[in-house]
Structure formats: structure tokens, C-alpha cells
Amino acid sequence: MAVYTDVAAEDLAEFLESYDIGELLSYKGIAEGVENSNFLLHTSQGAYILTLYEKRVAEGDLPYFLSLMGHLAERGVSCPQPARNRKGEVFSRLAGRPAAIINFLEGMWPRRPNVTHCSGVGEALAKMHLAGQDFPMVRQNPLSVSGWRPLFELAAARADSVQAGLSDFIARELDHLEANWPDDLPVGVIHADLFPDNVFFLGDKLSGLIDFPFACNDILAYDVAICLNAWCFEVDHSFNVTKARALLNAYRRARPLSAAEEAALPLLARGAAMRFLLTRLVDFLNVPEGALVQPKDPLEYVRKLRFQQNVAAISDYGITPAGCAA
Ligand SMILES: Nc1ncnc2c1ncn2[C@@H]1O[C@H](COP(=O)(O)OP(=O)(O)OP(=O)(O)O)[C@@H](O)[C@H]1O
Ligand SMILES: N[C@@H](CCO)C(=O)O
């Protein structure tokens, strides 16, 4: 359960007085997520999600991703919208944290994503990338290649307590990624965390995307690589090429990938695996006292990284590169 910061009922009721969304009837901490403190609110006007932004979200970044949610919705991408308070602000402060309220999105995230879900997320991701093209704000990605070594330094001394040899493994891989990370691929607005728990479905139909605090401007194909890692491995750690094909083909239909983007996917997937390995490792080694959170497993991403290290081209996944006859 991700609740790092508790909110007293009186403080919440007072906070809600600055909004026009009805009176507080009930609220409870949400038993999912690892980054921020989330609460489900019921007011006399309906259901909402209250988020208190925690360590990895800088207050100065809130206007970027809260505005992005409005921008995307105007262009047909289904995602929750921030409520404005009576001063017209989309966020303010509660319990010492930046806080925002968004509307409740109907749907469930898929606990066991199937091929249809993978196809849905591929299409939605491409459409999000297209809809972001004219988003005027810019936010560099603090968790891209230049951000990984500082993260590693937070965990290096204790990494081997999680798995023998992990520290050396990460150090060597970072050398490779830093030397080879591409700087000439198409960039734009990316979600940067589009895991299954951030994509809602009603049945097999995608109902919306949530959780935009990591959104930023970065390599578009890197977002695809994040999804390949997050959606296309089975619980036994095997890579499911049918799911990867479905995800990639649905993406390509909405936004064709260039030959250079496709050629870079395995390397981008190594980088994506490194990013989530590192944040998970740092979080695993530093659970705040009293926080109600279930840290995610860093070793899942060590396995994914080892897999991606052995992929040189997307044909090695069993996927035909775009433009080649099947
Ligand atoms: N708009 C929404 N409508 C319905 N449920 C939501 C909404 N936003 C969040 N939730 C619920 O809260 C959970 C946690 O939200 P979210 O993923 O944004 O938290 P987080 O701590 O930022 O997570 P993550 O670990 O994925 O970064 C979701 O899995 C979902 O159950
Ligand atoms: N989606 C991330 C958590 C939020 O950054 C993970 O699974 O590690």
C-alpha cells in the first residue's frame, strides 16, 4: 500500500473546501503504487483520487504533467483530469506535500496482460506520442541515461546484499549504456512508466492511461522499449514474442517506427531495464520507516536486463523489422 504521508480527516475536509467537488463522505488509502500517496475519495459529487506527491516528483514538474493530461484528453487520449480549486489551481499543498485531485477513471488494470491488452497499449502509446507532438511545455527526463549513475551510487555499496555480483554487473552495463546511448532518434512527450498497473481496461477495451508524473520529453522509441519490458514477459520470466509483436504492430499502425528506431529497440530496452532496476533497487534498500508500501522486486529487472543484453536486433526477438517481407 503506498501511503507515505497520512492525511487527517479534518485537514482533508478543509482542503476540499477550496474545491467545488462536494463534501467529503469517505476516503481511504489505496493499496497499490509505490511512488506517491494515493487516496480514493468519495464526495457528495462522486469519486476522486487524491495524490500527495512524494520523493521523485518535484513540485516544479506538476504543471508539466497536469497540463499534459488536459492536452492529451483534448486530443482524444483517455486519461484522468485534474480538478481545479476555487483559485483555478490544479494543485496546492496538503499535509506538507504538493497535492492534486483527479477524477476517478473506470476500469481495471490487467493482472495478467494478454495479447489483446498488449495490442491496446501499443496503439494507445502511439496515439499518446502523436497527441503530444504539439504540447508546448518541455521537461527533460531526469531518469534517462545521465540520471542512472547517480541512482546507482545511492545503491552501489549495498547492491551485493541483494544479489552477489550485482554491483559489478550494473557498473559494467552502465559503461556500455553511457557509451552507446543514441542521441539521434525522434523525441517527444513520453509517458515513461506505462506499466500494466497504469493502463485501465473495461473487458478487453482500453479505458484510459493513468499516472503521468514521470512524463517528460525523451526518445519516443524508449517508451516503446519500456512497454516491451513491462508487458511482454511471463511470470516464468520468458519473453512472449506474440505479445511483443502485437504491441509493436499496433504501435506501428498508428505511428510507424523508422528503421533507426527499430534497430535501437534492443539497446533502448536494456536502458529501460536498467532504469527500473535502479529505482527498484534504491527503493528496496531504503523503505521509509512507517511507510505502507510493498517495494517492487529489483531482480525481476536484472533478469530482463540479462535477456535484453543478448538481443542484438529485433529479429532476435522473432519480430520482423518494419519494411522487411514477413
Ligand atoms: N484516476 C484514477 N482512477 C481510478 N483509480 C486510480 C486513478 N489513479 C490512480 N488510481 C488507483 O491508484 C493506484 C495507484 O495509482 P498510481 O499508479 O498513480 O500510483 P503511484 O504510486 O504513482 O504508482 P506507480 O507505482 O505506478 O508509479 C492505481 O493502481 C489505481 O488503482
Ligand atoms: N512502474 C515502476 C514503479 C513506478 O515507477 C516499477 O514497476 O518499478
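Kindly provide the Kirkwood hydrodynamic radius of the chain in Å, to one decimal, from all pairs of distinct alpha carbon atoms.
That comes to 20.6 Å for the chain.
If you add up the charges near R253, with Lys and Arg at +1 and Asp and Glu at -1, over every other residue whose beta carbon is less than 13 angstrom from its beta carbon, what do you get?
Values: positive: K127, R245, R252, R255; negative: E123.
My count for the surroundings of R253 gives +3.
On the accessible surface of the chain, probed at 1.4 Å, how many percent belong to carbon and sulfur atoms?
52 percent
Relative to the present Cα-Cα distance, how much length would full extension add between S18 and L40 at 0.36 nm per residue of separation?
Extra length from S18 to L40 when fully extended: 6.1 nm.
Once you put a point 7 Å from the Cα of D316 and another 7 Å from the Cα of R303, both along the Cβ direction, what distance in nm separates them?
Once both label points are built, they end up 2.0 nm from each other.
Compute the signed sum of charges (Lys and Arg +1, Asp and Glu -1) over the other residues within less than 9 Å, Cβ to Cβ, of Q309.
Summing Lys and Arg as +1 and Asp and Glu as -1 gives +1.
Which FRET efficiency, nearest 0.05, do A9 and L154 yield, Cβ-Cβ r, R0 45 Å? Can you show the working numbers first?
On the way: r = 36 Å, r/R0 = 0.79.
Once rounded, the FRET efficiency stands at 0.80.
Could you work out how far the C-alpha centroid of the range 246-303 sits from that of the range 111-144, in angstrom?
13 Å
List the lysines whose Cα lies under 27 Å from the Cα of K87, skipping any in the same chain that are fewer than 8 positions away.
By straight Cα distance, K87 reaches K28, K55.
Given only helices, namely DSSP H runs of n ≥ 4 each adding -39500 (n - 2.57), what is the per-residue ellipticity at 222 nm of the chain, to the nearest 500 deg cm²/dmol?
Details: 10 runs with 138 residues, N = 326.
So the calculated ellipticity at 222 nm is -13500 deg cm²/dmol.
Quick check: from the Cα gyration tensor, does the range 76-161 come out rounded (a/c under 1.5), prolate or oblate?
Judged from the Cα gyration tensor, the range 76-161 comes out oblate (a/c at least 1.5, b/c at or above a/b).
At 1.4 Å probe size, with every protein chain present, just tell me what the per residue accessible area of the range 221-326 comes to in Å².
For the range 221-326, the solvent-accessible area averages 40 Å² per residue.
Classify the range 9-103 from the C-alpha gyration tensor, please: rounded if a/c falls under 1.5, else prolate or oblate depending on whether a/b exceeds b/c.
The shape class here is rounded.
Å³ per residue of the Cα convex hull, for the range 162-271?
About 142 Å³ per residue, rounded to a whole number.
If each of D183 and R111 carries a label point 7 Å out from its Cα toward its Cβ, how far apart are those two points in nm?
If labels sit at D183 and R111, their model points lie 4.7 nm apart.
If you count the DSSP beta bridges with both ends in the chain, what percent of them are antiparallel, to the nearest 5?
95 percent
If I model a spin label as a point 7 Å beyond the Cα along the Cα-Cβ vector, how far apart are those points for S92 and S238 in nm?
My value for the distance between the label points is 5.5 nm.
Give the accessible surface of the range 9-103 per residue, rounded to a whole number of Å², with probe radius 1.4 Å and ligands, DNA and RNA excluded.
I get 46 Å² per residue for this part.
The values are calculated or read from the model by the stated rules, or taken from the named source; none is laboratory data. All of these numbers come straight from a predicted model, not from anything done at the bench. Ideal geometry is used to build each Cβ from the backbone, glycine not excepted, and the neighbour counts take in all protein chains shown. These accessible areas exclude ligands, DNA and RNA; they are computed on the full protein's heavy atoms, side chains included. Shrake-Rupley method; radii C 1.70, N 1.55, O 1.52, S 1.80 Å.
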